[in-house]
Structures are given as structure tokens and as C-alpha cells.
Amino acid sequence: MCARNSIYNNPKPCKHLADYKLRHGFNTYDSIRNCLKTTPNGRTRVAKHTTKIPRCSFCDRYQGRLYFCLMCSSLWCPTHILLHTQSEKGHEVAIDMNRSELYCCLCCDQVYDPDFDKVVVCNQVKDLPGGSKSKTNRFEASGERSSKRKRLDSGIGLDLKKSNLLVSMRDRRAKSCYPLGLRGLNNLGSTCFMNSVLQALLHAPPLRNYFLNDRHNSVQCRKRSGEKLCLLCDIDAISSAMFSGDRTPYTPAHFLYSWWQHSSNLASYEEQDAHEFFISVLDGIHEKESKIRNSGKDDGDCQCIAHRAFSGLLRSDVTCISCGFTSTTYDPCVDISLNMDTSNLSSFNANKPIKPDEKPSASTLSGCLNLFTRAERLGSDQKLHCQNCQELRDSSKQLSIRRLPLVLCLHIKRVEHSLVRKISRKINQYMQFPFSLDMTPYLSSSIVRSKFGNRIFTFEYDNSNSSAAYEIFAVIAHSGMLESGHYVTYLRLKNQWYKCDDAWISEVDEGIVRASQCYMLFYVQKLLYNKANEDSSFVRISPRRDPFESTAGCS
């Protein structure tokens, strides 16, 4: 495999970090080496040698994230770290104590530095069973950078023995039976939104099968198009890396660069919305495959992998209140955005700990779906022209699902806007969602029959060719505030849940998943979910096999 241009391998360095390294070199990095401690689950954090609880130097806060100034070793909370930087010249760079990641106080963002990464990884190797200081020194002297957070296609990494030790370190319970494909993704600076969506997409059975089938050949693609940047090629590279058997975290820097070229309006190191990123990636896949196929078909008939997996069809019925005339339209969709039913949540505070015997008020997924498909009377300022009455009339609108997708993505709207106060706030409330979901009550056939009765015989509303039974396989959760939060993904593989928190993978109980602030829920048709679970090895499939052929009713 030819080496890629280094300009794509790592994000553009922060100028404040570059200035700091120019003035102070690596002295500070070396001095904090003894403060790096590896926790039992393999995460490295900064632990100062003191018996006191770490607290913010300004407000005495000790909960949540704390930042360790590289210049003066003072501790600051996210609220007051900028104040410290503005008052002390040259104190721009700090370390997130809990995650051992560099943070630029002026950019208000995580920054990536391979030299600092090397210090963290060397410390982890030293703490491995059988590790020693001499081994660490030899590792450093070689100039080789561990594949703990290795660059894309760098070709440099630990030997097999040390790589196996790293896997053992991250899981003290020796869970060598983790399903193939579980691999952390390094945060390149507020890119948890990207990592969380990629984890869900690459473990969606149709997309996983598509790329492992080599249905998109990167070599042929570049020969055919001549383009150096291709979103599909980079997803294919990530898929190959995820299912290679390597458990060390992967750096999707080249993919990030390609996505920036596709979505230039979102190209920055600022935190983005995971749902917007999800839609943007599917649009990028559709656009690329449409060029390859020279297809002019609309999304409803598109055969690209994005629409074959996620595309469904919504039915909208607008009924005249005066005469009962109904106008029906159909719209393709790749996800369904649901409002939370907050009518019974006024007294619930998601930030307050829940006692074991306490049952807080909660929204439910079924309630959100009922709200989505419930008939809604349009306001007086939304009168529509009735074809029967031939004038503007009051009307009602009802949505239903005409055709279900193979992979169902449900987006939970957690942002509430106040037109009066002109502010937005995040809805932190807990929401109950099932692992097995029956979508039959929300189909157009069910809605129409409930409205007009069973005297309506079978016609175009039926979804006889697709299954309405779904199983959940991924949950993207958001924690924190609206303007500054963190995304993680929970993956369900072989009926076991795993938490993907950027570079860190851990096994969790289903109770942790149910208690999360779910933002995006991914369900797949039950037949395909069971088929995916039968494949215990996730080996590369024959290129001649269609990844969709094993699922009945998918076309």
C-alpha cells in the first residue's frame, strides 16, 4: 500500500501549542511523566502526588473536568481556565486530567500532538504486566510511535507482543472474546460527534457487509475517478481497520479531511451536532455513488448503500376540516426526528441522582412515536387550499410510515427553543426505549385502518414485503450542556453492550444504556440482526455475495 501524503495524516496543529513547544520544547512533557497513571480499565489520567482532592484554583470546584496548566501546574475548571489564560501570558496549553489530552485554552478545544501522545503511550507500556523502565527507554529511543493512537496508514506500531499486552491492559478481565470490529477512535479535537456516528454506521449490518464484501474498491475507484479524496474510500479504509483484529485505537484523520471537503460549511475543530454529521455523511455517500453509477434517480429509488440501508418513505395526509377531502403526499427519509413528550416531565431533573427504588417520570419511545403519527390540527395561519372546496380551509395533518427502512434511525430532539425568551436549552430528561421494537402501529396501513375501520381491504398501504420487527444495535448518547457536551456510542453485539467513548472501549450492563440520555437510536430489522449475530467471526465475505440477499423483503 502506497504511503499517503502526510498533510492528510494529522489535523493542522494549533498555533498556540506550536508556540509553546517552540519556547519550552519537551521539558514539560517529560516532567509530567510521573504524574500519568493508568487506571484498571486502561485509561490514562493525570494524578498529582497529593492526598488532597483536586480542586479548581478559583472556585474550589472538584467535580467534573479539571485542567492542569502546563506552565504553573495549577488546576482549573472549564469555566475559569480561560480566565487564567487571559491573566497569565504564555499559559495557553493545559491537560485534561481525566483524559490525558492536551487542551488549548484560547482555542477552547482539544488539540492533538503526536509527541505528547508518545509520552502517554510510553507510560502505558511501562505499566503493562512485565513492563519495565528499560523497555520503555528502548521503545522511546527507537523513535517508534505506538499504535495506541497511531496515525492513519502510518505503518508504525508496537510489535505483536506489546500490542497484545495493551489489549490485556485495557481489559483486566481478559475479555479476548470481544467481537471483531470493536476498536476505539481517537479524538482529533472535539470530534466525538464523528467518532460516535462512525461506530454506529460501521456496525450497521448492511454497511458492515457492504464494505467487508469489498463492494467499494478503493483502488478501482481512484483509477476510475482520478480523485485523491473520496469519502467512500475513507469509510472503506476505516472499516478495514476496524475489522482487522487490531484493538489499538484508530485515527480517522484522513476521513475527517475528506468530510471537510464535502461539507466545507462544517469544516472546523468546533463541536458539531452528531445528527447533522450523520445526514451529511449519508449525503456524501449518495453523491459519490450517484457519480459512479451515473444515476439520475431520486432518493426513493436510489440504489446507493446509504439509501438501500436507511431510506424509508413517509406518508402525509392533509384533511380538510370542512369537507373531509384528504390530500396525500409521500416523502423519502433516511431517519425520523421525534419530539420528546415533555408533558409529564416538569418535575424531573436528569442531573439529580436516581435512587434504586425511585421511578422518575420519563418519556417513552412509544409515546414519541404516537406523538409523531398523531393527527395535528394546523393553525389558522396555515390554512391550505382544498381541491374540493376550492378555497382556503382549516385542515389537519397526520404523518405515518409508508415504507420501513432496513435500518431505522430515530433522532430524539433534545433541544427546546423559546420564541419569547429567544433562547434554546437542552432537554436532559430520561427516555425509556425498548431493545425490541414493533413498528406496526405506526405504519400507514395501521393508521388508515384505525381511522376508517377494517372495511378497508388490502391495497397499496400494506408493507407485506418488509418486516416491522426491529432490534436495537446502537445508541448515541449525549451528556453535558447544549453548547459543550460529549457524545458516546453504545453498541449491542451478540446481545452484549459495549461503550465506545472515543478511543476507549468497555463492556457495560444494559442498565447503563437505558439510563443514558439517548440522542440517536439505531434499529435493524430483526431478521438481519439475528443473521449478524450468527456470524461470530465477522470475516471478510466473498466479493460476489450481495450483502442484502440474506434479508427477506429488502429491495
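Here's the yes/no breakdown for (1) modelled with pLDDT under 85; (2) outside the structural domain of Tyr20 (by the TED database); (3) open to solvent by less than 30 Å² (accessible area, probe 1.4 Å):
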site: His84; (1), (2), (3): no, no, yes
site: Asn98; (1), (2), (3): yes, no, no
site: Asn123; (1), (2), (3): yes, no, yes
site: Ser134; (1), (2), (3): yes, yes, no
site: Asn137; (1), (2), (3): yes, yes, no
site: Glu144; (1), (2), (3): yes, yes, no
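Mind checking which pairs have a first residue in region 315-343 that is farther than 21 Å from Met520 by Cα and a second that is of a type in the set (D, E, K, R) and assigned to a loop (DSSP other than H, G, I, E, B), Cβ under 6 Å, 6 or more apart or different chains?
Taking only residues 6 or more apart or on different chains, the pairs are Ile321/Asp394.
Okay, residues lined up against (1) modelled with pLDDT of 90 or more; (2) in a strand (DSSP E or B); (3) within 20 Å of the chain's Cα centre (by Cα):
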| residue | (1), (2), (3) |
| --- | --- |
| Ser450 | no, no, no |
| Leu482 | no, no, yes |
| Arg492 | yes, yes, yes |
| Arg545 | no, no, no |
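Out of the residues in region 370-384 that are polar (S, T, N, Q) and open to solvent by 60 Å² or more (accessible area, probe 1.4 Å), which is farthest from Ser396 (Cα to Cα)?
Across region 370-384, the extreme among qualifying residues is Asn370.
Tell me the strands (runs of 3 or more DSSP E) entirely within region 67-116 that contain at least 1 residues that are closer than 22 Å to Leu256 by Cβ and out of contact with any Gly (no Cβ under 6 Å at 6 or more places or on another chain).
Filter on region 67-116 gives 93-96, 101-104.
Answer with yes or no whether Val475 is of a type in the set (A, V, I, L, M), surrounded by fewer than 21 Cβ atoms within 10 Å (Cβ to Cβ) and modelled with pLDDT of 90 or more.
Against the criterion (of a type in the set (A, V, I, L, M), surrounded by fewer than 21 Cβ atoms within 10 Å (Cβ to Cβ) and modelled with pLDDT of 90 or more), Val475 does not qualify.
Restricting attention to helices (runs of 4 or more DSSP H) lying wholly within region 221-317, give those where 2 or more residues are at pLDDT 90 or above and open to solvent by less than 30 Å² (accessible area, probe 1.4 Å).
The helices (runs of 4 or more DSSP H) meeting that bar are 231-242, 274-293, 305-310.
Scan (1) out of contact with any strand residue (DSSP E or B) (no Cβ under 9 Å at 6 or more places or on another chain); (2) modelled with pLDDT under 85 for the single condition Ser190 breaks and write down its number.
Status for Ser190: all satisfied but (1).
Need the failing condition index for Val93 against (1) buried (at least 18 other Cβ atoms within 10 Å of the Cβ); (2) within 16 Å of Arg45 (Cα to Cα), just the number.
(2) is the only condition that Val93 fails.
Going by the conditions given, is Leu399 in a strand (DSSP E or B), in contact with a Leu (Cβ under 8 Å, 6 or more places away or on another chain) and at pLDDT 80 or above?
Details: in a strand (DSSP E or B): yes; in contact with a Leu (Cβ under 8 Å, 6 or more places away or on another chain): yes; at pLDDT 80 or above: yes.
Yes; evaluated as a whole, the condition is true for this residue.
Which count do you get for residues in region 368-392 that are in contact (Cβ under 8 Å) with a residue 12 or more places away in the chain and more than 38 Å from the chain's Cα centre (by Cα)?
The total comes to 7.
Asn454 - would you say it is of a type outside the set (Lys, Arg), at pLDDT below 95, over 22 Å from the mean Cα position of the chain (by Cα) and closer than 27 Å to Ala532 by Cβ?
Working: of a type outside the set (Lys, Arg): yes; at pLDDT below 95: yes; over 22 Å from the mean Cα position of the chain (by Cα): yes; closer than 27 Å to Ala532 by Cβ: no.
Here the answer is no, as Asn454 does not meet what is asked.
Would you point out which residue out of Ser506, Ser516 is of a type in the set (Ser, Thr, Tyr) and touching a residue at least 60 places away in the same chain (Cβ under 8 Å)? Step through it out loud before you land on a result.
Working: Ser516 fails: touching a residue at least 60 places away in the same chain (Cβ under 8 Å).
Only one candidate qualifies: Ser506.
Kindly provide the set of residues from region 67-82 that are open to solvent by 10 Å² or more (accessible area, probe 1.4 Å) and farther than 22 Å from His24 by Cβ, ordered by number.
Result: Pro78, Thr79, His80.
The values are calculated or read from the model by the stated rules, or taken from the named source; none is laboratory data. Computed from a prediction, not measured in an experiment: that's the story for all the values here. Virtual Cβ from ideal backbone geometry, glycine too; neighbours counted across all protein chains shown. With ligands, DNA and RNA removed, areas are computed over all heavy atoms of the protein, side chains included. Shrake-Rupley method; radii C 1.70, N 1.55, O 1.52, S 1.80 Å.
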